[in-house]
Amino acid sequence: MRVSAASPTKEIQVKKYKCGLIKPCPANYFAFKICSGAANVVGPTMCFEDRMIMSPVKNNVGRGLNIALVNGTTGAVLGQKAFDMYSGDVMHLVKFLKEIPGGALVLVASYDDPGTKMNDESRKLFSDLGSSYAKQLGFRDSWVFIGAKDLRGKSPFEQFLKNSPDTNKYEGWPELLEMEGCMPPKPF
């Protein structure tokens, strides 16, 4: 009787780079990955230069708009905050947006309901940061965005999904959005 040796199984390993990207960013570029929340169940996450800034695990996310500020030159995190846009006070968001320092990148991820308390002033402030969708953001929409203070034109880093019973993935909510990539320092 002849016994053949078992062939070794090869494991395929995918190398991951900063923030879990499958390709490395060019030298001097920042890696990022932002995911909106999923319905009202799983909170959003934000990674910048391999640093998890906001996530349910860090217990620093909340329903509404989750915002992180990052220095656009160095990549240093300047701060983060969640704003309840269902039952919170929109004026806290307006004050925060008005105080964004020059040169800061603004990373935004929605969770549950980002639009109910939005007013014209907060929408204009987001539009001034480069958003194409802030003016139409509504109840339970999904939104991820990276903008900057004093941006000329619109940001290329934005995704938006309207809450619609005809297309929602989850009952009452659209699916989560995931945006990842590389951006140069002072990208705008």
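The values are calculated or read from the model by the stated rules, or taken from the named source; none is laboratory data. Every value quoted in this text rests on a predicted model; they were computed, and no experiment measured them. Note that each Cβ is placed from the backbone with ideal geometry, even for glycine, and that neighbours are counted across all protein chains shown. Only protein heavy atoms, including side chains, enter the accessible area calculation; ligands, DNA and RNA are left aside. Shrake-Rupley method; radii C 1.70, N 1.55, O 1.52, S 1.80 Å.
Observations, loosely collected:
- Residue among VAL94, VAL108 that is among the aliphatic types (A, V, I, L, M) and closer than 21 Å to PRO56 by Cβ: VAL108
- Residue satisfying condition, being surrounded by fewer than 18 Cβ atoms within 10 Å (Cβ to Cβ) and of a type outside the set (A, V, I, L, M), within set GLY72, GLY88, GLY115: GLY88
- When every residue of region 72-95 is checked against the conditions, none turns out to be in a helix (DSSP H, G or I), over 19 Å from LYS186 (Cβ atoms) and touching a Leu at 6+ places or on another chain (Cβ under 6 Å).
- Against the numbered list (1) touching a residue at least 24 places away in the same chain (Cβ under 8 Å); (2) over 14 Å from PHE139 (Cα atoms), PHE83 comes up short only at (1).
- Test result for SER132, over 26 Å from VAL41 (Cα atoms) and of a type in the set (Ser, Thr, Tyr): yes
- In region 22-36, the residues that are more than 15 Å from the chain's Cα centre (by Cα) and touching a residue at least 40 places away in the same chain (Cβ under 8 Å): CYS25, PRO26, ASN28, TYR29
- Odd one out for ILE146, checked against (1) surrounded by fewer than 16 Cβ atoms within 10 Å (Cβ to Cβ); (2) touching a residue at least 40 places away in the same chain (Cβ under 8 Å); (3) not in a loop (DSSP other than H, G, I, E, B): (1)
- Whichever residue in region 127-157 is closer than 17 Å to ILE34 by Cα and of a type in the set (Phe, Trp, Tyr) and, among such residues, is nearest to the chain's Cα centre (by Cα): PHE145
- Scanning region 158-168 for residues that are open to solvent by less than 60 Å² (accessible area, probe 1.4 Å) and more than 16 Å from the chain's Cα centre (by Cα) turns up ASN163, SER164, ASN168.
- Any chance LYS95 is free of Cβ contacts under 8 Å to residues at least 12 places away in the same chain, basic (Lys, Arg) and surrounded by fewer than 18 Cβ atoms within 10 Å (Cβ to Cβ): yes
- Boolean, GLU171 is within 30 Å of LYS16 (Cα to Cα) and of a type outside the set (A, V, I, L, M, F, W, C): no
- Matching residues in region 162-188 - criterion: being within 16 Å of ASN40 (Cβ to Cβ) and in a loop (DSSP other than H, G, I, E, B): ASN163, ASN168, LYS169, GLU171, GLY172, PRO174, GLU175, LEU176, LEU177
- In region 10-65, the qualifying residues are those that are in a strand (DSSP E or B) and touching a Lys or Arg at 6+ places or on another chain (Cβ under 6 Å), and the one that is farthest from LEU176 (Cα to Cα) is ALA31.
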